Amino acid sequence: SAVISQKPSRDICQRGTSLTIQCQVDSQVTMMFWYRQQPGQSLTLIATANQGSEATYESGFVIDKFPISRPNLTFSTLTVSNMSPEDSSIYLCSVLTGADNEQFFGPGTRLTVL
Amino acid sequence: GQSLEQPSEVTAVEGAIVQINCTYQTSGFYGLSWYQQHDGGAPTFLSYNALDGLEETGRFSSFLSRSDSYGYLLLQELQMKDSASYFCAVIRSWGKLQFGAGTQVVVTP
């Protein structure tokens with residue numbers, strides 16, 4: 001299993017600004033993922049973050065908008081850049097464990113952009 | 001294209017059995033998982049099927065038919081605490097998850 005924390009838990013931001021979300025895991029993991037969940041919707045994968053390599057982004061998501069860092073095996077950050085109200089969402093990080101392809105999710109960061 | 005379909009909502013009484021179906025169309029299929037999410041909470045893992053057949057974990061069971069691109073989650077002996085959203089998710093390469101739209105399960109007394 002894995003215990004994941006995220007900071008901040010929520011924030012209200014002005015359009016045009018940027019917010020960096022932190023994800024901390026209590027054990028070393030290879031695969032970390034960032035998802036977005038808009039209110040009442042499903043989860044959509046933004047990118048995969050592996051330590052020591054560039055993040056890989058899913059269709060519709062680009063590095064300039066969502067730069068990701070993965071400096072070590074327990075930590076990652078996602079930045080939401082030049083925000084607009086359409087970026088209002090819950091952002092979740094997750095880690096993959098070896099058993100049954102189970103992913104553990106962080107509690108999420110609820111972002112509101114005005 | 002890639003897609004998953006599941007019902008939007010299911011309502012049942014306590015003690016009943018509920019089946020949530022999931023059909024998928026995707027490339028690079030490595031298995032089907034199910035996640036539960038309560039309002040305001042994070043998704044939590046329920047089950048995983050890589051091969052055809054039934055997997056049972058307590059009150060929850062999950063089934064997969066790869067030839068039919070179909071799976072289901074079976075919730076037995078429903079309890080009020082089972083009221084939540086349930087997502088099927090296809091596992092793609094490198095453990096990436098592609099989620100369905102989710103099924104809201106409402107349990108009534």
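None of the figures in this text is laboratory data; all of them are computed from the coordinates on show. Source: prediction; values computed, not measured. So basically every Cβ, Gly included, is an ideal-geometry build from the backbone, and we count neighbours across all protein chains shown.
Go through (1) under 29 Å from residue A:49 (Cα atoms); (2) surrounded by fewer than 20 Cβ atoms within 10 Å (Cβ to Cβ); (3) aliphatic (A, V, I, L, M) one by one and return the number of the condition residue B:4 breaks.
The number of the failed condition is (2).
Quick check on segment A:38-58. Is at least one of its residues surrounded by fewer than 13 Cβ atoms within 10 Å (Cβ to Cβ), closer than 22 Å to residue B:36 by Cα and over 13 Å from the mean Cα position of the chain (by Cα)? Full working, then the answer.
Residues of segment A:38-58 that are surrounded by fewer than 13 Cβ atoms within 10 Å (Cβ to Cβ), as a first pass: A:39-40, A:52-54.
Now drop any that are not closer than 22 Å to residue B:36 by Cα, which leaves A:39-40.
When the remaining residues are screened for being over 13 Å from the mean Cα position of the chain (by Cα), the result is A:39-40.
Within segment A:38-58 (the criterion being surrounded by fewer than 13 Cβ atoms within 10 Å (Cβ to Cβ), closer than 22 Å to residue B:36 by Cα and over 13 Å from the mean Cα position of the chain (by Cα)), the answer is yes, since at least one residue qualifies.
All but one of (1) out of contact with any helix residue (DSSP H, G or I) (no Cβ under 7 Å at 6 or more places or on another chain); (2) polar (S, T, N, Q); (3) closer than 14 Å to residue B:6 by Cβ hold for residue B:83; which doesn't?
(3)
Exactly one of (1) assigned to a loop (DSSP other than H, G, I, E, B); (2) touching a Ser or Thr at 6+ places or on another chain (Cβ under 6 Å) is unmet by residue B:68. Its number?
The failed condition is (2).
Which number in (1) part of a strand (DSSP E or B); (2) closer than 25 Å to residue B:102 by Cα; (3) not acidic (Asp, Glu) marks the one condition that residue A:61 misses?
(1)
Given the conditions (1) within 13 Å of another protein chain (Cβ to nearest Cβ); (2) on the phi > 0 side of the Ramachandran plot, report the number of the one that residue A:32 does not fulfil.
The failed condition is (2).
Find the residue count for segment B:14-43, including only residues that are in contact with a helix residue (DSSP H, G or I) (Cβ under 8 Å, 6 or more places away or on another chain), within 14 Å of chain A (Cβ to nearest Cβ) and not polar (S, T, N, Q).
Adding up the residues that qualify gives 3.
Being within 14 Å of another protein chain (Cβ to nearest Cβ) and assigned to a loop (DSSP other than H, G, I, E, B) is the filter; apply it to segment A:77-113 and report the residue that is surrounded by the most Cβ atoms within 10 Å (Cβ to Cβ).
Checked segment A:77-113; the qualifying residue surrounded by the most Cβ atoms within 10 Å (Cβ to Cβ) is A:106.
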